[in-house]
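The values are calculated or read from the model by the stated rules, or taken from the named source; none is laboratory data. Worth saying up front: this structure is predicted, and the values here are computed from it rather than measured. FYI the Cβ positions are ideal-geometry reconstructions off the backbone, even for glycines, and counts take in every protein chain you see. The area values use the complete protein model at the heavy-atom level, side chains included, leaving out ligands, DNA and RNA. Shrake-Rupley method; radii C 1.70, N 1.55, O 1.52, S 1.80 Å.
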Amino acid sequence: MIDRSAPRGVLPAPQPRGVGRVPATLPVRARTGRLLVLATVFVCAACGLVYELELLALGSYLIGDSVTQASVVLSVMVFAMGVGSLLAKALRERPAFGFAAIESALALLGGLSAMALYASFAWLGGSRTALVAFSFAIGVLIGAEIPLLMVLIQRIRRQDAGGAVADLFAADYVGALVGGLAFPFLLLPVLGQLTGAVLTGTVNAVVGGGLVLWLFRRDLSRRARWLLVTANITVLAVLACATVLADDFERVARRAVYGGEVRVALQTGVQELVLTGPATGSPRDLEFFLDGRLRVSGYDEYRYHEALVHPAMTGPHTRVLVLGGGDGLAAREVLRYRDVSSVTVIELDPEVVRLARTDPMLSALNARAYEDPRLGVVTEDAFRWLRGPAAQRRFDVIVSDLPDPGITPSTKLYSQEFYGLAARALRPGGRLAVHAGPPTARARSYWTVEATLRAAGLRTAPYSAGGRLSGHAAGPDRVLGGGAGAVPPQDWGFVLAARERVPALRVDRDTPALRSLSTQSLGDAARDAERTRVPGLPPSTLPHPRYS
């Protein structure tokens, strides 16, 4: 039938089946009901973005390479949202029941996703498959929300489709803003990833189920109401149990990941810090993890730190700058030279410095370097510090003891721009020692560091150090494969650089006694590194990072 009230020559917009023909019978006025639906959109959007950010954060933490994980999560989730929108068409005849069922499933999946990903990493050795699966499933459920909410809001009060979509999307986007800000500033620092995800799922279930079971209860059959009540109570019970067991689960999973005795586990604003080993044991038993990657093994860390520091100390070394190295181990090697007058350590995370000062095993391993009056520490980003006025002071030696270049947050610290700033901070005749990742396992990345140093105007001498004793990555290299039981790289790669001429790889006669390094071993190490050379690589820059 044609609506005779429409302007001549204009047909009314077609309505979806089940929309507008039988207005919803609400317990409140239509205006209030509409506001409640928009408030639900706001809350659900906030919860959905928290799930998304939690998957991004855990994917980057557990697997590494945050750019890749962000691309995987976002692309899979956006695709899945499109799939969910199409699937929601089958639920238009029962929009209230369909929306409540979707919110129950979303609350359960989203609330438990962090635990499931961590469990997959801890006991199965990897979490990429679980990451993709949860991204897809959560994306499908999020994508089905808006079409059903569109039907529900039109059941309350008829309005043109453009106005309804604008209202829904406005509430959705503002909710996403709140969720996006709540995750890094409230949920993550206060509750952590596991409990934060569970709490978000609880809010999602209460709000989504509550809207339908109260506002649209007359649209539901008695059987449908009981099904939804049972589903929501079950979901809330499961999430409550997960909240109660979260701490125990985290301890058990952490032991599965790190092994041994976990003495310290801290989530700082920068990273997760874990120290393992008996509190009364030898410093050789210490293992220090940053974001799940072994930074220090007390058993053989001296091989890494001797090779990093001492070749750069051949020549003037009155003033030394250490970039990174908040654990104090590179500073320990520098302070063995009595003619060093000052050492400045630039460390981003103050908690690393605090542990290096106060933890009995770590402070014993670094020979209590922070008690030496010659050592000063600045807790700041190394890039920002080198750009600031404090870096106008010049240094004889700069030691770059930074995480592996393949870890995305560290990429800018291996850029041509960063090395240009470091070169500017060198005195004439000064030397820069750079940890560049394992040349055997990741030759392309290692030689990109060398090419980037040359592009910054520095002359380079590449070399390596091998023969790890512990079977772990005792320097700041990623464990290959990113999972439990994965095989770590078996060597460390370094580059010694200077502005005026190619620096000589040697150890001076007045160098303090070393356990693993000599001029001859450095020559062998340079030849070992050269055999892995990948020629013709372009430098890495801030706008075009080239590490993977």
Can you tell which of 112, 86, 53, 74 is over 30 Å from residue 254 (Cα atoms), among the aliphatic types (A, V, I, L, M) and open to solvent by 10 Å² or more (accessible area, probe 1.4 Å)? 86
Residue 488 buried (at least 18 other Cβ atoms within 10 Å of the Cβ), modelled with pLDDT of 90 or more, assigned to a loop (DSSP other than H, G, I, E, B) and within 25 Å of the chain's Cα centre (by Cα): no
Checking 206, 190 in turn, the sole residue that is in a helix (DSSP H, G or I), farther than 17 Å from residue 112 by Cβ and of a type in the set (A, V, I, L, M) turns out to be 190
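Would you check if there is a residue in the range 256-267 being assigned to a loop (DSSP other than H, G, I, E, B) and open to solvent by 60 Å² or more (accessible area, probe 1.4 Å)?
Yes, because at least one residue in the range 256-267 is assigned to a loop (DSSP other than H, G, I, E, B) and open to solvent by 60 Å² or more (accessible area, probe 1.4 Å).
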Considering the range 364-378 alone, what residues qualify as being within 31 Å of the chain's Cα centre (by Cα), surrounded by fewer than 17 Cβ atoms within 10 Å (Cβ to Cβ) and not charged (D, E, K, R)? 364, 376, 378
Out of the residues in the range 535-548 that are touching a Lys or Arg at 6+ places or on another chain (Cβ under 7 Å) and open to solvent by 40 Å² or more (accessible area, probe 1.4 Å), state the one that is nearest to residue 436 (Cα to Cα). 538
For residue 345, all conditions in the list (1) open to solvent by less than 10 Å² (accessible area, probe 1.4 Å); (2) assigned to a helix (DSSP H, G or I); (3) over 23 Å from residue 459 (Cβ atoms); (4) of a type outside the set (Gly, Ala, Ser) hold save one; what is the number of the exception? (2)
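Yes or no, residue by residue, for (1) part of a helix (DSSP H, G or I); (2) within 27 Å of residue 393 (Cα to Cα):
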position: 420; (1), (2): yes, yes
position: 437; (1), (2): no, no
position: 445; (1), (2): yes, no
position: 448; (1), (2): yes, no
position: 453; (1), (2): yes, yes
position: 460; (1), (2): no, yes
Given (1) assigned to a helix (DSSP H, G or I); (2) touching a residue at least 60 places away in the same chain (Cβ under 8 Å), where does residue 354 come up short, assuming only one miss? (2)
Tell me which residues, restricted to the range 408-445, are touching a strand residue (DSSP E or B) at 6+ places or on another chain (Cβ under 6 Å) and either more than 24 Å from residue 500 (Cβ to Cβ) or open to solvent by 50 Å² or more (accessible area, probe 1.4 Å) (or both). 427, 437, 438, 439, 440
Can you tell me which residue within the range 278-309, out of those that are among the aliphatic types (A, V, I, L, M) and touching a Phe, Trp or Tyr at 6+ places or on another chain (Cβ under 7 Å), is modelled with the lowest pLDDT? 296
Can you pull out the residues in the range 131-150 that are within 18 Å of the chain's Cα centre (by Cα) and open to solvent by 30 Å² or more (accessible area, probe 1.4 Å)? 132, 134
Residue satisfying all of: in the range 446-469; closer than 22 Å to residue 387 by Cβ, surrounded by 20 or more Cβ atoms within 10 Å (Cβ to Cβ) and of a type outside the set (Ser, Thr, Tyr); nearest to the chain's Cα centre (by Cα) among these: 449
Out of (1) open to solvent by less than 30 Å² (accessible area, probe 1.4 Å); (2) within 22 Å of residue 502 (Cα to Cα); (3) not in a strand (DSSP E or B), the odd one out for residue 385 is which? (2)
So which of 57, 70 is free of Cβ contacts under 8 Å to residues at least 40 places away in the same chain and closer than 18 Å to residue 121 by Cβ? 70
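Please state which one of 482, 493, 475, 523 is at pLDDT 80 or above, open to solvent by less than 40 Å² (accessible area, probe 1.4 Å) and touching a helix residue (DSSP H, G or I) at 6+ places or on another chain (Cβ under 7 Å).
Numbers: 482 fails: at pLDDT 80 or above; 475 fails: at pLDDT 80 or above; 523 fails: touching a helix residue (DSSP H, G or I) at 6+ places or on another chain (Cβ under 7 Å).
The match here is 493.
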Listed residues 128, 92; which is under 24 Å from the mean Cα position of the chain (by Cα), crowded, with 16+ Cβ neighbours inside 10 Å and charged (D, E, K, R)? 128
For the range 222-240, which positions are open to solvent by less than 60 Å² (accessible area, probe 1.4 Å) and either over 39 Å from the mean Cα position of the chain (by Cα) or basic (Lys, Arg) (or both)? 224
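Okay, residues lined up against (1) more than 33 Å from the chain's Cα centre (by Cα); (2) outside any loop (DSSP other than H, G, I, E, B):
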residue: 492; (1), (2): no, yes
residue: 496; (1), (2): no, yes
residue: 505; (1), (2): yes, no
residue: 512; (1), (2): yes, no
residue: 534; (1), (2): no, no
residue: 541; (1), (2): no, no
When you check residue 120 against the structure, is it open to solvent by less than 30 Å² (accessible area, probe 1.4 Å) and touching a residue at least 12 places away in the same chain (Cβ under 8 Å), yes or no? no
Which pairs turn up if I take residues in the range 459-470 that are over 9 Å from residue 494 (Cα atoms) and among the β-branched types (Val, Ile, Thr) and look for partners that are modelled with pLDDT of 90 or more and open to solvent by 20 Å² or more (accessible area, probe 1.4 Å) with beta carbon separation below 8 Å, at least 6 apart in sequence or on another chain? 460/454; 460/502
Among residues belonging to the range 151-171 that are in contact with a Leu (Cβ under 9 Å, 6 or more places away or on another chain) and open to solvent by 40 Å² or more (accessible area, probe 1.4 Å), point out the one that is farthest from residue 25 (Cα to Cα). 170
Select, from 338, 357, the only residue that is more than 25 Å from residue 451 (Cβ to Cβ), open to solvent by 50 Å² or more (accessible area, probe 1.4 Å) and touching a helix residue (DSSP H, G or I) at 6+ places or on another chain (Cβ under 6 Å). 357
